[in-house]
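Below is one structure, written out as structure tokens; the observations come after it.
Every read-out reported here was derived from the displayed coordinates using simple, explicitly stated rules and does not represent laboratory data. Quick caveat, the model's predicted, so the values are computed rather than measured. Ideal geometry is used to build each Cβ from the backbone, glycine not excepted, and the neighbour counts take in all protein chains shown.
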Amino acid sequence: MTIRFRCPSCQGTNQAKGSEASRQTACPHCGTAVSLDVSDSLLQTGVVERCALCREDKLYVQRDFNRNLGLAIVAVAGIVSFWLYGRDQVVWSFGVLFGAVVVDFLLYWTLPSMTICYVCQAEYRKTAKNPAHEAYELALAEKYEQIGKALRSQGKLGRQQEESSR
Ligand SMILES: [Zn+2]
Ligand SMILES: [Zn+2]
């Protein structure tokens with residue numbers, strides 16, 4: 001399990017891994033102490049139940065797909081296809097384009113998924129599937145973003161909190 005999150009203080013990218021995701025880490029960019037609350041469920045079974053940074057359970061899942069890579073494959077195929085077309089290799093020209101689409105499609109469906117926090121945008125990779133989590137929804141994102149903003153402005157993000165009710 002890997003957690004990637006933005007430092008609440010300087011917005012720099014931080015990464016924490018598995019059991020190394022200790023409760024207290026320091027941001028490598030600005031040195032701010034960030035407290036992660038990694039739940040037992042996350043440590044033992046890899047199922048994300050709530051976010052370690054903001055402690056909220058507003059999470060969604062998506063494929064860990066690099067959009068730029070996907071576009072690059074299609075762009076290169078387009079150039080090759082155009083070149084072949086100019087040489088009267090029409091069948092190959094279309095074949096290359098079709099091949100690129102198939103590769104993109106396969107890449108998309110074979111890539112692992114990752115879990116992302118609506119509230120603070122922390123990303124969880126190499127986790128187990130939590131059936132309660134669904135795909136991104138814009139309406140929810142807008143709603144939960146407000147919680148994140150409030151936490152941020154109150155300086156509560158990544159801070160040790162009094163023991164919550166659970
Ligand atoms: Zn920082
Ligand atoms: Zn979060």
**Q.** Note, ³J(HN,Hα) from phi for the stretch 119-135, Karplus 6.51, -1.76, 1.60, rounded to Hz, x at Gly and Pro
**A.** 6, 10, 6, 5, 10, 10, 10, 6, 10, 8, 6, 10, x, 6, 8, 10, 5
Q) In terms of the Cα gyration tensor, with a ≥ b ≥ c the square roots of its eigenvalues, is the stretch 30-94 rounded because a/c is under 1.5, prolate because a/b exceeds b/c, or oblate? A) prolate
**Q.** K129-A33 FRET efficiency (beta carbon distance; Förster radius 25 Å; 0.05 resolution)
**A.** 0.20
**Q.** Ordering of 74-82, 109-117 by packing [mean C-beta count within 10 Å, highest first]
**A.** 109-117, 74-82
Q: Quick one: work out the % antiparallel among DSSP beta bridges in the stretch 11-166, nearest 5.
A: 75
Q) Taking each full run of DSSP H in the chain as one helix, which ones are at least 18 Å long along their axis (Cα atoms) and have mean Kyte-Doolittle hydropathy of at least 1.0? A) 67-86, 90-110
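I'd like the FRET efficiency for Q121 and V80, computed as 1/(1 + (r/R0)^6) with the beta carbon distance as r and R0 of 45 Å, rounded to 0.05. Walk me through the numbers on the way to the answer.
Details: r = 37 Å, r/R0 = 0.82.
With R0 = 45 Å, the Cβ-Cβ based efficiency is 0.75.
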Q: Please list the non-local residues whose amide H lies under 5 Å from the amide H of E49, H modeled 1.01 Å from N, same-chain partners needing a gap of 5 or more.
A: L42
Q. Between the stretch 73-93 and the stretch 1-45, how many Å separate their Cα centres?
A. 46
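Using per-residue counts of other Cβ atoms within 10 Å, averaged over each peptide, order 93-105, 130-142 from highest down.
On the way: 93-105: 14.8, 130-142: 11.3.
Going from most to least packed, we get 93-105, 130-142.
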Q: Tell me the Kirkwood hydrodynamic radius of the chain in angstroms, computed as one over the mean inverse distance between distinct C-alpha pairs.
A: 18.1
**Q.** Separation between Cα centres of the stretch 52-66 and the stretch 97-150, rounded to whole Å
**A.** 7
Q) Between rounded, prolate and oblate, where does the stretch 82-166 land on the alpha carbon gyration tensor, with a ≥ b ≥ c its root eigenvalues, rounded for a/c under 1.5, else prolate if a/b exceeds b/c? A) prolate
Q.
Only counting other Cβ atoms within 10 Å, I'd like V48, V119 sorted with the fewest neighbours first.
A. V119, V48
(Q) List the lysines whose Cα sits under 21 Å from the Cα of K129, skipping any in the same chain fewer than 8 residues away. (A) K17, K58
Q) How big is the stretch 67-110 on each of its three principal axes, counting only the C-alpha atoms and giving the largest first in Å? A) 34, 17, 6
**Q.** Contact order relative to length of the chain, as percent, for alpha carbon pairs under 8 angstrom and 6 or more apart
**A.** 28
Q | Note, ³J(HN,Hα) from phi for the stretch 33-40, Karplus 6.51, -1.76, 1.60, rounded to Hz, x at Gly and Pro | A | 6, 10, 9, 9, 10, 7, 6, 4
